[in-house]
Amino acid sequence: MHATERSRSAVVEDLRAALGAEQVVDDADRLARLAADRSGTVQGAATALVLPRSTAEVQEIVRIADRHAAPIVAQGARTSLAGAASAVAGAILVDFGGMNRILRIDPLERLAVVEPGVLVSELAAAAERAGLFYAPDPVSAEWATIGGTIATNAGGMRCIKYGVTRDSVRSLEVVLADGSVVRTRRDTIKSVTGLDLTSLVVGSEGTLGLVTEATVTLRSAPGPSRGVSALFPRIDDALEAAAAVATEAAPPAVLEMLDDVALTAIRAHDPTIEAPASARAWLLAVTDARVGAEEELDAFERIFSEHRALRVDRADDPQRLDRLFATRRALNPALDAYTGGALHGDIAVPRGRLGAFAARAADISRSFGVIVSVGGHVGDGNLHPVVAYDPDDAEQARLAREAQRALLSAAQELGGTVSGEHGVGTEKLHALDGELSPRVRELQLAVKRAFDPKGILNPGRKL
Ligand SMILES: Cc1cc2nc3c(=O)[nH]c(=O)nc-3n(C[C@H](O)[C@H](O)[C@H](O)COP(=O)(O)OP(=O)(O)OC[C@H]3O[C@@H](n4cnc5c(N)ncnc54)[C@H](O)[C@@H]3O)c2cc1C
C-alpha cells in the first residue's frame, strides 16, 4: 500500500473507532458525489465524510485530523458559489446536516440557540411561529444552513434594512483546530468584553474553527410587505432613483434592480414571469414597516416618478408582490439558461459608484464581445454581474472568464470589493491583493496561524 493510502486508511480507522462506522463514509463514488459545492470546482479527493451529531463528536474528529495533519472542510448544504465547501486532497469532510436542532427560542432575550445544520428557512419559520423574525434571507434560504450562512456572512435582499448575517449573530460555540471548544462571548444583548471573536469567525469560511452552536438575534415581527416597482428608460435613471430612495426615504426593506439584459433573459426563460420589454431597467422597493407604510410607498412612487420612470406599479397585496419577487428571483436561473453558460459575480461598490460600475460593465461587454448583465442589491451597492456565454465555444468561454476578471478589477478600482456576499473560497483568491494591503494580509495570516497553527482548517481558501 502507498504511504498516502496507508495514512488515509489510518484516518478512516480512527474516525470509525471514534464515531462508529455508520457516521463515516469512505466509499470513493459517494465521496466524489459529495465533493463539490455549487461552484463545481474541487481541489482533490477527500479521504472521508463524517456525520457528527454533537459538539463532542466534532471535537473527536478535529483531534484525529490534528493527529494526522489531515485537512478539514466543513460542509453545510454545499450551496457555496465560491468553492469554499468543496473537497481538498485528503480532506475529512464534516457534514453538519445531522446537527439540526433548534435548541431554544427566547422571546425576552430576543434570541434563538441553534445547531449549525438547521436550515435558514426552518429557523425563520420557527421564529415566525413565536411571533418573532430571523432577518437574514439569502435566496438559498430553503437549502442553506445556519452554519454555512454564518461561515460566509451571507447576505440577501433585506440587508439594506437589517444588515448581513453578522448583524444577527450574537455568540458562537466553536471547535478550534486542536479540538478544544470555546464560546466567543456571553449571550447578552450588549457585550464589549474582550476582542470581538464572534465577528472574526463569522465570514471566516471554516478557516478558523468549526461552528457547533450559534446564538442568533431575533427581532420583532415586521409588518406585511408591500412594494412599488418601476421601469426606467436608462439604467442611470434607475440608479439615481435608487440613490434617492436610499437617502431621502426611510430605509426600505428591499431595494433591487434588474437591467435590460436580465429582463430579456427572464422573458426568454419563463414567459409566465412578468418582465416588461419596454425598459432598460427595473426597480423594486419594498417596505415592511408596521407604522407609516403608506407614506413610504407614496415616497417610493414619488421618487420613481421624479426620476423619469416610464411606469410605476404599486403592489399592495401579497400576490402582486410575490409576482414582483418572482421577477427578481428569476435573475440567476434565467441568465444561466440564456446562452447555456454563465459566470456569476457578487461585487460591491460604494452606492455612489454604481453608475460608474454599470458604465464599466458595458465597456467590458463591448470590448470582450460577451453578454454582461448587472442587477441585484442596488440598495447595498452589491451587484450580481453575470457574464453569459456559449459553453460549447471555447474562445467565448475564455473571453467570458477574462471579462469576469475585468469586472472584479473594475469594482476594486472604484473603491469596491470582489465579494459582497458569496465569499472568497478558492474562486476569488487571485483578487485579494487588489484590495487588501500587504500589511493587512500579513495580519490576517497571523490571525489564521493563531487559530490554526498547522493549517488544517479549510486550507487554500479565503486568505
Ligand atoms: C441558488 C442560490 C442562491 C444563493 N443566494 C445567496 C444569497 O442571496 N446571498 C448569499 O450570501 N449567498 C447566496 N448563495 C450562496 C450560498 O447559499 C451561501 O454562501 C450560503 O451561506 C452557504 O450555506 P451552506 O449551508 O450551503 O454552506 P456551504 O456551502 O456548505 O459552506 C459554505 C462555507 O461555510 C463553511 N461552513 C459550513 N458549515 C460550517 C460550520 N458549521 N462551521 C464552520 N464553517 C462552516 C464551509 O466550509 C464553507 O467555507 C446562493 C447560492 C445558490 C446556489
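The values are calculated or read from the model by the stated rules, or taken from the named source; none is laboratory data. No experiment lies behind these values; they were computed from the predicted model shown. Heads up, the Cβs are rebuilt from the backbone with ideal geometry, glycines too, and the neighbour counts pull from every protein chain shown. We work out accessible area using only protein heavy atoms, side chains counted, and drop any ligands, DNA or RNA first. Shrake-Rupley method; radii C 1.70, N 1.55, O 1.52, S 1.80 Å.
Table for the structure above
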| quantity | calculated |
| --- | --- |
| Qualifying residue in segment 89-98 (condition: more than 22 Å from residue 429 (Cβ to Cβ), more than 11 Å from the ligand (Cβ to nearest atom) and open to solvent by 10 Å² or more (accessible area, probe 1.4 Å)) | yes |
| Subset tally (residues that are more than 15 Å from the ligand (Cβ to nearest atom) and part of a strand (DSSP E or B)) for segment 104-119 | 5 |
| Filter result for residue 177 (closer than 26 Å to residue 325 by Cβ and either within 13 Å of the ligand (Cβ to nearest atom) or not in a loop (DSSP other than H, G, I, E, B) (or both)) | no |
| Hits in segment 240-257 - residues which are of a type in the set (A, V, I, L, M, F, W, C) and over 23 Å from the mean Cα position of the chain (by Cα) | 241, 243, 244, 245, 249, 250 |
| Lone qualifier among 62, 58, 50 - being aliphatic (A, V, I, L, M), under 20 Å from residue 460 (Cα atoms) and open to solvent by less than 10 Å² (accessible area, probe 1.4 Å) | 62 |
| Options 40, 83, 97: the member that is in a helix (DSSP H, G or I), under 26 Å from residue 139 (Cβ atoms) and either in the same structural domain as residue 427 (by TED's automatic domain parsing) or of a type outside the set (Phe, Trp, Tyr) (or both) | 97 |
| Filter pass, residue 363 being part of a helix (DSSP H, G or I), free of Cβ contacts under 8 Å to residues at least 24 places away in the same chain and assigned by TED's automatic domain parsing to the domain that holds residue 418 | yes |
| Residue, nearest to residue 135 (Cα to Cα), within segment 209-236, restricted to residues that are under 21 Å from the mean Cα position of the chain (by Cα) and open to solvent by less than 10 Å² (accessible area, probe 1.4 Å) | 218 |
| Filter pass, residue 78 being touching an Asp or Glu at 6+ places or on another chain (Cβ under 7 Å) and outside the structural domain of residue 136 (by TED's automatic domain parsing) | yes |
| Conditions (1) free of Cβ contacts under 8 Å to residues at least 60 places away in the same chain; (2) under 15 Å from residue 386 (Cβ atoms): number failed by residue 274 | (2) |
| Residues located in segment 189-207, provided they are more than 16 Å from the ligand (Cβ to nearest atom) and in contact (Cβ under 8 Å) with a residue 40 or more places away in the chain | 189 |
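So that you can scan it fast, the table gives a plain yes or no per residue for (1) in a loop (DSSP other than H, G, I, E, B); (2) within 16 Å of the ligand (Cβ to nearest atom):
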residue: 401; (1), (2): no, no
residue: 422; (1), (2): yes, yes
residue: 436; (1), (2): yes, no
residue: 441; (1), (2): no, no
residue: 459; (1), (2): yes, yes
